[in-house]
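Encoded as structure tokens, the structure appears first; notes follow it.
The values are calculated or read from the model by the stated rules, or taken from the named source; none is laboratory data. Computed from a prediction, not measured in an experiment: that's the story for all the values here. Note that we place each Cβ from the backbone using ideal geometry, even for glycine, and neighbour counts take in every protein chain shown.
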Amino acid sequence: MALEDARFDARQDSRHEHLADDERGRAEFAEWERIDQLLAAEAPDTVYNPDTDDVVQEELAAEAAAAAAREAELREAQRIAARADELQALRELGTLEQTEPRDGDEAAHDELTRQAGGYVQADVDAWLAHALAAHLGHYRDPAAREAAAGLLTPPVLAHAALLAELARLVPGVDVDQLAFAARLATTEPEAVGALAVLLARVRP
């Protein structure tokens, strides 16, 4: 009966131009046809049960997975926003430089940049570059340092590379004495990266 109703609705829709693109109606009709064919292959008087319909169960599983993914994305976005707020508070207190970065701070860095309208946050960039160069926080893990190459901007990566080589060549050098590295990396990240590669070949 449901199939006949859907077939009747489809015929009616075909007669009206404004209903010709009724995708929902076509989908319902196709589904009733599928169920009718499914029952035709079963024993007489078989009652349709969606719990044993593989197509329905696959769709439900896909919907559940999508919902779980959306929930995970929402929780991650909330976590990033909370960490960005925390870093902003540390900036205002003037203690950001003494803070060790955590896993996921690259995303918090991007969030701070977004909140600033896309403007570069020089102090946050310098903080992350120094932490990466000195292997602070989660950057103690080689895998985290490797992953940073795909998460941080070229100026930050170039700055970190130059800082690492300068610290190696001039042990004990004060960070304030290397402030020029940030300016160079910001304006010419490719050149600074090339310089860092060259300095890596120099033996102290």
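Taking the options LEU3, LEU60, LEU38, name whichever one is farther than 30 Å from ASP110 by Cβ, at pLDDT below 80 and among the aliphatic types (A, V, I, L, M). Break it down into steps so the answer makes sense when it comes.
Values: LEU60 fails: at pLDDT below 80; LEU38 fails: at pLDDT below 80.
Being farther than 30 Å from ASP110 by Cβ, at pLDDT below 80 and among the aliphatic types (A, V, I, L, M) holds for just one of LEU3, LEU60, LEU38, which is LEU3.
Is it the case that some residue within segment 12-31 is modelled with pLDDT under 80, in a helix (DSSP H, G or I) and small (Gly, Ala, Ser)?
yes
For segment 70-78, indicate whether the set of residues that are surrounded by 12 or more Cβ atoms within 10 Å (Cβ to Cβ) and closer than 30 Å to LEU128 by Cβ is non-empty.
As a first pass, look at segment 70-78 and keep what is surrounded by 12 or more Cβ atoms within 10 Å (Cβ to Cβ): 76-77.
Within this subset, residues satisfying the condition of being closer than 30 Å to LEU128 by Cβ are 76-77.
Looking through segment 70-78, at least one residue is surrounded by 12 or more Cβ atoms within 10 Å (Cβ to Cβ) and closer than 30 Å to LEU128 by Cβ.
For segment 38-69, which positions are exposed (fewer than 10 other Cβ atoms within 10 Å of the Cβ) and either among the acidic types (Asp, Glu) or within 18 Å of GLU4 (Cα to Cα) (or both)? Even if it seems obvious, please write down each step before you answer.
Pass one, segment 38-69, residues exposed (fewer than 10 other Cβ atoms within 10 Å of the Cβ): 40-41, 43-45, 47, 49, 51-52, 54.
Result: ALA40, ASP45, VAL47, ASP51, ASP54.
Checking the conditions here, which among ARG70, ARG75, ARG102, ARG91 is of a type in the set (Lys, Arg) and over 23 Å from the mean Cα position of the chain (by Cα)?
Working: ARG70 fails: over 23 Å from the mean Cα position of the chain (by Cα); ARG75 fails: over 23 Å from the mean Cα position of the chain (by Cα); ARG102 fails: over 23 Å from the mean Cα position of the chain (by Cα).
Residue meeting the stated conditions: ARG91.
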